[in-house]
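The values are calculated or read from the model by the stated rules, or taken from the named source; none is laboratory data. Keep in mind that this is a model prediction, so the values were computed, not measured. Ideal geometry is used to build each Cβ from the backbone, glycine not excepted, and the neighbour counts take in all protein chains shown.
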Amino acid sequence: MPSRTFVRICLRLGFVWACSLAALAPAWSQWGDARRGAELFTRHHCTGCHSLRGVGGTTAPDLTRPTIKPFTPSTLAALMWNHAPAMWKAMAAKGIEPEALGPPEMADLYAHFYAQRYFEPAGDAARGKQVLITKRCSSCHTPEKVAKWPPTTDPVRWAQQMWNHSGEMNQAMQKAKIRWPTLTAQEMVDLTVYVQNRPGARVPPPTLTVADPALGEKLFEQQGCARCHSLGKREPGRIDLLAIKGETGTLTDFATTMWNHGPQMRRRAEKTMSDLLPFGEGEMNHLLAFLTARRYFEETGNAGRGAKIHASRQCGVCHDLKTKGITFSAPQMASALWRHGPKMQAEMEQKKIRWPSFSGREMTDLVAFLNRK
């Protein structure tokens with residue numbers, strides 16, 4: 001199965017064989033379900049070669065093995081593309097026929113790996129304990145109180161819990177004359193690892209639940225987000241979230257940003273509404289589904305470089321660029337490869353075109369080119 005995993009493949013190169021790219025890339029905006037993704041990972045024989053947290057095959061890399069360099073979805077996509085012929089050969093040797101995975105299924109696999117914190121930096125419980133101390137969190141959150149925190153491995157639920165309690169914490173810190181602590185994404189990861197690994201903690205399996213972008217859009221309005229933020233538009237008095245986001249975005253980045261700007265957002269909200277509202281059960285998932293649909297979490301690529309990559313890899317020999325009205329996403333590209341890859345390989349061999357390889361950055365730029373306006 002895919003080298004390092006299955007998720008987010010930025011290959012808008014799905015096999016067209018005489019078809020247009022648009023035929024392979026239906027619009028995608030679904031937030032997947034990690035539990036279904038875990039089932040797919042097993043059912044599609046990924047565990048025959050890959051292990052996940054030490055469970056599974058050993059002939060391919062363990063997909064939860066920590067990496068030294070940042071491992072982005074595009075890096076994963078590039079690795080999957082680069083090693084696809086070898087994976088298909090290994091599957092054929094075992095008598096396994098690659099099964100098609102549509103965009104919704106790939107979205108589920110994507111959610112599964114996000115739930116596993118696959119794209120997050122490795123965390124350290126000892127450093128997480130120090131975060132509680134150095135940031136003066138332990139002034140209120142003693143080890144005894146931390147031990148009673150509800151266990152969770154869901155990064156969305158973690159972000160929701162922090163947000164819902166940030167107002168109460170802000171008042172307590174002001175009273176104690178403690179400055180609001182800012183965190184880095186690494187410190188946030190370390191903190192969650194510490195909480196998950198505290199003595200006696202029974203941590204449930206990682207989950208991310210399916211959600212509705214339409215409900216998320218309504219929440220974006222109802223929670224007051226739209227009073228201060230826009231998405232892809234320059235509007236007076238509003239901050240465009242797509243313009244200020246970094247090159248990559250993980251769920252931990254999102255949770256960290258919300259935490260760090262909590263007091264500022266509350267002060268701004270006081271001018272237009274009484275206070276920032278808490279999120280109800282599952283509502284944060286809906287909001288993130290909406291942000292995902294608006295490409296908030298996608299990596300930022302360069303369309304100009306992507307055009308050169310498209311030309312140098314001879315993608316245009318088989319693919320036309322009739323993509324008007326189509327927005328490409330990583331899970332969509334992964335689906336295109338997995339549905340049409342073996343036939344695409346055969347077509348390329350017939351035309352004597354070498355199977356191309358990509359770096360993670362090149363994959364990001366290629367998707368940006370295909371999404372150009």
Q: Working carefully through the options K233, K271, find the one that is at pLDDT 85 or above, in a loop (DSSP other than H, G, I, E, B) and over 18 Å from W163 (Cβ atoms).
A: K233
Q | Only one of L242, L276 that is surrounded by 14 or more Cβ atoms within 10 Å (Cβ to Cβ), in a loop (DSSP other than H, G, I, E, B) and not assigned by TED's automatic domain parsing to the domain that holds T75 | A | L276
Q. So, in the stretch 177-190, of the ones that are among the hydrophobic types (A, V, I, L, M, F, W, C) and more than 24 Å from the chain's Cα centre (by Cα), which residue ends up nearest to E283 (Cα to Cα)?
A. W180
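Residue by residue, here is whether (1) among the polar types (S, T, N, Q); (2) more than 24 Å from the chain's Cα centre (by Cα) holds:
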site	(1), (2)
T256	yes, no
G262	no, no
R266	no, yes
L288	no, no
K343	no, yes
K352	no, yes
Q. Given (1) farther than 17 Å from M80 by Cβ; (2) crowded, with 22+ Cβ neighbours inside 10 Å, where does F328 come up short, assuming only one miss?
A. (1)
Q) Can you name every residue in the stretch 279-293 that is crowded, with 18+ Cβ neighbours inside 10 Å and either at pLDDT below 90 or among the hydrophobic types (A, V, I, L, M, F, W, C) (or both)? A) F279, M284, N285, L287, L288, A289, F290, L291, T292, A293
Q: Scan E120, E144, E221, E168 and give me the residue that is out of contact with any Phe, Trp or Tyr (no Cβ under 7 Å at 6 or more places or on another chain), charged (D, E, K, R) and surrounded by 19 or more Cβ atoms within 10 Å (Cβ to Cβ).
A: E120
Q: With a cut-off of at least 2 residues that are within 23 Å of E99 (Cβ to Cβ) and polar (S, T, N, Q), name the helices (runs of 4 or more DSSP H) lying wholly within the stretch 286-373.
A: 330-350
**Q.** Enumeration of residues in the stretch 102-116 that are more than 14 Å from A38 (Cβ to Cβ) and out of contact with any Pro (no Cβ under 8 Å at 6 or more places or on another chain)
**A.** G102, P104
Q) Looking at (1) at pLDDT 80 or above; (2) part of a loop (DSSP other than H, G, I, E, B), which is the only condition T5 fails? A) (1)
